[in-house]
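Enquirer: Okay, handing you the structure first.
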Amino acid sequence: MASSSRTQVIALYRMLIKESSKFPSYNFRNYALRRIKDGFMENKHVDNPKSMDQLLTRARESLALIKRQVSVGQMYSSQRTIVEGLRAR
């Protein structure tokens, strides 16, 4: 993996994690974080540039989707779950 694509992958990973952490719902937040980590670990050893570009494109689309879902989720508040506890966010 070239250094520039490695930098792009790391930056995209960080953006996905940061955006997913903004989900107001505990379940959506943890599901998104788990899927991101699993997806990146699963494709850790991809060296083919064509498949790397496809994966990066899909990750960018996922980032846009997460951003939209976070903004929609923040418009409508819901009750906190027991797992989240009573601590303030």
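Enquirer: Which condition breaks for Gly85 when tested against (1) open to solvent by 90 Å² or more (accessible area, probe 1.4 Å); (2) part of a loop (DSSP other than H, G, I, E, B); (3) without any contact (Cβ under 8 Å) to a residue 24 or more places away in the chain?
Expert: If we test Gly85 against (1) open to solvent by 90 Å² or more (accessible area, probe 1.4 Å); (2) part of a loop (DSSP other than H, G, I, E, B); (3) without any contact (Cβ under 8 Å) to a residue 24 or more places away in the chain, just (1) comes out false.
Enquirer: Residue check, Ser20 against (1) in contact with a helix residue (DSSP H, G or I) (Cβ under 6 Å, 6 or more places away or on another chain); (2) free of Cβ contacts under 8 Å to residues at least 40 places away in the same chain; (3) small (Gly, Ala, Ser), all met but one. Which one?
Expert: Ser20 satisfies every listed condition except (2).
Enquirer: Let me ask something else about it. Tally up the residues in region 31-48 that are in contact with a helix residue (DSSP H, G or I) (Cβ under 7 Å, 6 or more places away or on another chain) and either of a type in the set (Asp, Glu) or assigned to a loop (DSSP other than H, G, I, E, B) (or both), please.
Expert: So the answer is 2.
Enquirer: Same structure, new question: Of everything in region 27-55 that's open to solvent by 70 Å² or more (accessible area, probe 1.4 Å) and of a type in the set (Phe, Trp, Tyr), which residue is farthest from Ser77 (Cα to Cα)? Outline the logic, then answer.
Expert: Initially, region 27-55 is screened for residues open to solvent by 70 Å² or more (accessible area, probe 1.4 Å), giving 27-28, 31, 34-35, 37-38, 41-42, 44-45, 47-50, 53-54.
Of the ones still in play, those that are also of a type in the set (Phe, Trp, Tyr) are 28, 31.
Values: Phe28: 14, Tyr31: 19 Å.
Filtering region 27-55 for residues that are open to solvent by 70 Å² or more (accessible area, probe 1.4 Å) and of a type in the set (Phe, Trp, Tyr), the one farthest from Ser77 (Cα to Cα) comes out as Tyr31.
Enquirer: Being polar (S, T, N, Q) and in contact with a Phe, Trp or Tyr (Cβ under 8 Å, 6 or more places away or on another chain) is true for just one of Thr57, Thr81. Which residue is that?
Expert: On the way: Thr57 fails: in contact with a Phe, Trp or Tyr (Cβ under 8 Å, 6 or more places away or on another chain).
When all the criteria are applied, what remains is Thr81.
Enquirer: Still on this structure: In region 1-26, how many are modelled with pLDDT of 95 or more and loosely packed, with under 11 Cβ neighbours inside 10 Å?
Expert: 2
Enquirer: Within region 26-35, track down each residue that is in contact with a Phe, Trp or Tyr (Cβ under 9 Å, 6 or more places away or on another chain) and touching a residue at least 24 places away in the same chain (Cβ under 8 Å).
Expert: Ala32
Enquirer: Which residue out of Ser71, Ser77, Ser62 is open to solvent by 30 Å² or more (accessible area, probe 1.4 Å), among the hydroxyl-bearing types (Ser, Thr, Tyr) and not in a helix (DSSP H, G or I)?
Expert: Numbers: Ser71 fails: not in a helix (DSSP H, G or I); Ser62 fails: not in a helix (DSSP H, G or I).
On inspection, the qualifying residue turns out to be Ser77.
The values are calculated or read from the model by the stated rules, or taken from the named source; none is laboratory data. All values derive from a computational prediction rather than experimental measurement. Virtual Cβ from ideal backbone geometry, glycine too; neighbours counted across all protein chains shown. Calculation scope for accessible area: heavy atoms of the full protein, side chains included, ligands and nucleic acids excluded. Shrake-Rupley method; radii C 1.70, N 1.55, O 1.52, S 1.80 Å.
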